[in-house]
Amino acid sequence: MRSRFIGCVLGASIASFAGAALAADAVSDGVVKIGILNDLSGIYSDFTGRGSAVAAQIAIDEMGGKVLGAPIELVAADHQNKPDIAANLAREWFDQGKVDMIADFPTSSTALAVMEIAKQKNRVTMLSAGVAMAAINEKCSPLNAQWMVNTYALAAGTAKALLKTGRKSWYFVTADYTFGHSLEKDASAVVEAEGGKVLGVSRHPFPGGDFSSFMLKAQASGAQVIALANAGSDTINAVKQAAEYGIGRSDKQVIAPLLTYITDVKSLGLAKAQDMYLTEAFYWDYDDRSRAFAETYFAKMKRMPSASQAAVYSAALNYLKAIHAAGTDEAGAVMAKLRTMTIDDAVIRNGHLRADGALVHDMLLLQVKKPAESKRDWDFYNVRAVLKGEDVFPKPSDACPLNAKG
């Protein structure tokens, strides 16, 4: 009897050891490590920041804290919106910290810097906040996914919807750096292709402070749409100062921020933000699935997630699912598996990851509610339309060598 017991224990121990050995073989360094690299203290910290790390942890918890028998760890750091700092942190994480994937990147310059290092180190990047078209065009990488949106999709969603209402004349107030220029360029192309006209452009320093002269000039142009090609506190300050002058308060002239998060509307308040049109990939109150994730997030952060923070959750969750399906955390194999998956979760609907790294999926056209329409805190939007991914995301570009030539 005793020998049979010892045999059972020994057999279980061998099986346990074998399972651990298989996990070690499948997962490099015996652990899957995800890094969140973003703005923890600057103008983009409100819609990324600590909330992005919390969102990633929710995804890890949903996976039970393990994948292929290996533990999942999370690290986070502040890149201060500077590409050199982002690059140095990424090198340290890849070489010494054994980080397998880095997500977020609210400034495109940091994303592009880390993408190149990740390609050299055979690691994955997932741009949940980086929106520059270069990431899926000339700078594309087989190990990168632009997980939420890009400047073209943001611009096309809002521009096409407003053009359909007869708003044909546009004026741009643009942040004077790469992101702002890209957003303005993409939106202008859509406006002109759909028969509209750009009446003028004002470019402001990044980050900006006094927007009154830019907004008054836009108002004086008589444009039916004043499009804001900026983000974060720049967008908030521009809208606040416009409200002081009564700009954008009639159907004859509307303000359309081309990149706005729910955290921006919270900062503005509905009295100032009401009636604005915007395109988002995620709204917490869209349906039961989005609400379930948002309530879990709210319990930890006491606020609803921005689309960017929600994208971190989706990116981390699907990355881990791809590791499980691929049977390895090797970067190339994981990305290949991701490209075969239909992405459908609490955040992303009808998603498919292209060869160039663009995640094409449904988007939402939203309009900010009037104060009297809001029934509770964070009840900010009316969903005006679901925009199909193929209608708003750009076609694959020959600038990316990963796109097969026809």
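The values are calculated or read from the model by the stated rules, or taken from the named source; none is laboratory data. The model shown is predicted, which means the values in this text are computed figures rather than measured ones. Note: ideal-geometry Cβ built from the backbone for every residue, glycine included; neighbour counts use all protein chains shown.
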Open item on the list: From the list 235, 174, exactly one residue is free of Cβ contacts under 8 Å to residues at least 60 places away in the same chain, closer than 25 Å to residue 274 by Cβ and part of a helix (DSSP H, G or I). Which is it?
Closed with: 235
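It is to be established whether one or more residues within segment 147-167 are assigned to a strand (DSSP E or B) and buried (at least 24 other Cβ atoms within 10 Å of the Cβ).
no
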- [ ] Exactly one condition in (1) under 30 Å from residue 69 (Cα atoms); (2) in a loop (DSSP other than H, G, I, E, B); (3) not small (Gly, Ala, Ser) is not met by residue 398; state its number.
- [x] (1)
Task: Candidates 369, 395 - the one that is among the basic types (Lys, Arg), surrounded by 18 or more Cβ atoms within 10 Å (Cβ to Cβ) and more than 18 Å from the chain's Cα centre (by Cα) - done: 369
Task: Members of segment 182-210 that are among the hydrophobic types (A, V, I, L, M, F, W, C) and crowded, with 23+ Cβ neighbours inside 10 Å - done: 183, 187, 191
Open item on the list: The conditions are (1) buried (at least 24 other Cβ atoms within 10 Å of the Cβ); (2) in a helix (DSSP H, G or I); (3) modelled with pLDDT of 95 or more; (4) not basic (Lys, Arg), and residue 216 fails exactly one of them. Which is it?
Closed with: (1)
Open item on the list: Need the failing condition index for residue 230 against (1) in contact with a Ser or Thr (Cβ under 9 Å, 6 or more places away or on another chain); (2) at pLDDT 95 or above; (3) polar (S, T, N, Q), just the number.
Closed with: (2)
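Hey, among the residues in segment 241-259 that are within 15 Å of residue 172 (Cα to Cα) and free of Cβ contacts under 8 Å to residues at least 60 places away in the same chain, which one's surrounded by the most Cβ atoms within 10 Å (Cβ to Cβ)?
Selected residue: 257.
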- [ ] With the condition kept exactly as written, say whether any residue in segment 157-176 is closer than 19 Å to residue 79 by Cβ and either outside the structural domain of residue 345 (by TED's automatic domain parsing) or at pLDDT 90 or above (or both).
- [x] yes
- [ ] Please go through segment 123-134 and pick out each residue that is over 21 Å from residue 55 (Cα atoms) and out of contact with any Asp or Glu (no Cβ under 8 Å at 6 or more places or on another chain).
- [x] 132, 134
Task: Within segment 61-95, tally of residues that are touching a Leu at 6+ places or on another chain (Cβ under 6 Å) and more than 12 Å from residue 114 (Cβ to Cβ) - done: 3
Task: Restricting segment 95-113 to residues that are hydrophobic (A, V, I, L, M, F, W, C) and assigned to a helix (DSSP H, G or I), the residue that is farthest from the chain's Cα centre (by Cα) - done: 113
TODO: Only helices (runs of 4 or more DSSP H) wholly contained in segment 278-394 count here; list those with 3 or more residues that are closer than 25 Å to residue 258 by Cα and without any contact (Cβ under 8 Å) to a residue 60 or more places away in the chain.
DONE: 288-301
